[in-house]
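Contents: one structure, followed by commentary.
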Amino acid sequence: MATMGLEPLAVLGLAAVIAMAISPRASDGTTRSIAALGLIAALILAAGSQGALTSALLTGDAAARFGTGLCCLSGLAALAILRPASAPREAPALILLATLGASVLSGAAHAATLFVGLELVTLALIALTVLPRSAPALEAGYKLLILGGIGAATLLMGLAFAFAATGELTFAAWSSTDRLVALGAALLLAGLAFKFSLVPFHMWTPDIFSGAPAAAAIVAGVASKVGVAIVLLRLQPQMPATGIWQTGLAALGIASVVLGNLQALRQPSLPRMLGFSSIAHSGYLALILASGAADTAQAVLFYIATYAPALFAALAAAAILDRDANLTGLRGLVWAQPLTGAVLTLALLSLAGLPLAVGFWAKFQLFSALAQAGTYGLLAVAILGSAAGLYFYLRFTVTLFRRDGVDFPRPPHWQEAAVLLAAAATIVGLGVYPGPLYALVTASLP
Amino acid sequence: MNATFALWAGSLALISALLVVTRASVVHALIWLLVTLLSLSASFFALGASFAGAAQILIYAGAILAVFVFVVMTVDASPKALEQERARLGRAWVPPALVAALVLVPLFAWRGAPGADTAAPMGAAVSATDLGMLLFGPWAAVVEIASGLLLAALMGARHLGRRGKPEGRG
């Protein structure tokens, strides 16, 4: 199996430093171009490099490659929808640092890289969140700072317990059945659930989506989730079967699916609805992990890869519409701005899991994994959650087609249009013919 | 330097940490925090982690506490505010205490369980040279990534500290 060297991470870090160093003098366009070049180079290197990481800290296996690639794509999408008018010049460097953190996380095989990667994503995300310095953004940043701090402390406590019992910092430490390690595993799960926005550790997510720039929401919704999901996938086989891990994941997953979907039901604001639905989607992933199905890893990676383009498109539309991205402001969007309206429709249908959009295959994988594992209780929760999801996604979709439209502030920039078009092509292309993505995911198992 | 001393210093740290979070006056809390940090450092020395003990004194008891002193200057310490703080502390201790109990009870309950390792893991002393060899050898990548962490924090702090009017949502 082909492995990845350190190059993609080095390129991301170098590009972040260059983008930061030139940002006071160079124009906004130059800084962004350098950041975009760095992301594209890292993407190509992650896909094509043949180096091998020999360190015990980081692995360069196929899953790390897949995670790094997806993080770079989310970084590019975040860069494209960052509005020049309000984005300070250091924003591209912050996006690169967040991407670097998520990539480190997807290659983490050791407590040190796990913690440093997680904190790098969180800190860069906090800085991205407070960029507009408006009251909602500051509130979201404050919540993320305090809750993220609690999550990090919980995680460290868990790592310390495992180290105290086994004297081992690699993920292999968790296979011990020592009771101290079991206690550590519970704390580790709670710490990771903070970052994965699982109920009851989800309080920061809706605020990031509605108060922060859409670019920060992309990082929180895709890059950081990819990293944490791959960490969960790597930890899963190490955990003893009788431990708290599976039960805890199932409980967190059920709570997230139920609460995320219920709170999204009555939500009039598009970004806030996406925030609650992001909690529900994390819950579906936790359900797959808890089921212990044979093809857990395929289903999880496939689900995230299909969730990403839909979220890119929906958040790009939310960034274009800015304050009007709610049920009244979205009326008649399809007629007034055909591109934004049509792509937003596709994204919502994909998130709902309707056929011909790629989200359908993700939901199909989810249900078949849960059914194969014989966990019918979890399957029932997932089906009920998806049914509720159908209601609120279609509620927004129907609004887009109303004839009594309102005036829209501005058409999309070319970068935003590019994100919309690429996301739409991915959603429809893979929705009709999901074969290539299946092949890629099957080749990218950890 | 032995395990008994480490245990003693550790209990001192625990007691003074409890005093930190129960003091109404921020200055008193800071002094107890200093005691906590110093006794933690003592227990590090006793366990043979002399570098971690020295770093604890230099960084936490020195640099970080100095930053806290600056924060204290901006805090309202009038008797009225103190009274308000006391009233708030009256109820606030319940949830953290419950969480602490949740962690501590299994630790004590399982102490005598069969198969549990009751002996403290007393490793060999780690010298600063060994640590440096590790950080600049196999762990160099992590050190570099941690520098990115500081960079992100620095940019965020600089942005928040910038003067001028807040900008719109972007």
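So for segment A:204-265, Kirkwood radius off the Cα pairs, Stokes-Einstein at 37 °C and 0.692 mPa s: how many µm² s⁻¹?
D = 241 µm²/s.
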Dimensionless Rg over Rh [segment A:1-147; C-alpha; Kirkwood]: 0.99
For the protein assembly as shown, size of Cβ-based charge dipole, Lys and Arg +1, Asp and Glu -1, in debye: 1300 debye
Surface accessible to a 1.4 Å probe, B:Val67 within the full protein complex, Å²: 90 Å²
Å³ per residue enclosed by the Cα convex hull of segment B:22-87: 62 Å³
Buried solvent-accessible surface, both chains (B, A), 1.4 Å probe, Å² to nearest 100: 3300 Å²
Rounded accessible area per residue of the protein assembly as shown, 1.4 Å, Å²: 42 Å²
Computed over segment B:1-57, Cα set: Rg, Dmax in Å: 11.8, 36
Of A:Pro309, A:Pro92, A:Pro411, the one that fluctuates the most in a GNM where chain A has Cα springs shorter than 10 Å: A:Pro411
Per-residue average of Cβ from other chains inside 10 Å of B:131-144: 3
B:Val26 versus A:Tyr142: modelled label distance in nm, points set 7 Å from Cα along the beta carbon direction: 1.5 nm
Total formal charge among the other residues, if their Cβ is under 11 angstrom from that of A:Arg266, Lys/Arg +1 and Asp/Glu -1: +2
Efficiency of FRET between B:Leu89 and A:Leu265 - r from beta-carbon atoms, R0 41 angstrom, step 0.05: 0.55
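Using only the Cα atoms, what convex hull volume per residue in Å³ does the protein assembly as shown have?
Looking at the protein assembly as shown, the number lands at 164 Å³ per residue.
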Mean ellipticity per residue at 222 nm, deg cm²/dmol - from DSSP H runs of n ≥ 4 across chain A, formula -39500 (n - 2.57): -24000 deg cm²/dmol
Point-charge dipole on Cβ atoms (K/R +1, D/E -1) for segment A:295-446, about Cα centre, debye to 20: 220 debye
Solution diffusion estimate, µm²/s, Stokes-Einstein, segment A:204-313, Kirkwood Rh from C-alpha pairs, 10 °C, viscosity 1.306 mPa s: 110 µm²/s
Volume per residue of the C-alpha convex hull in segment A:106-172, rounded to whole Å³: 64 Å³
Listed residues A:Glu168, B:Glu83 arranged by accessible area, highest first, probe 1.4 Å: B:Glu83, A:Glu168
Where the Cα pairs of segment A:295-446 fall when distances are cut into 10 Å bins, in %: 12, 37, 31, 15, 4, 0
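The values are calculated or read from the model by the stated rules, or taken from the named source; none is laboratory data. Values in this document were obtained by computation on a predicted structure and should not be read as measured data. So basically every Cβ, Gly included, is an ideal-geometry build from the backbone, and we count neighbours across all protein chains shown. Quick note on the areas: whole protein, heavy atoms, side chains included, nothing else; ligands and nucleic acids left out. Shrake-Rupley method; radii C 1.70, N 1.55, O 1.52, S 1.80 Å.
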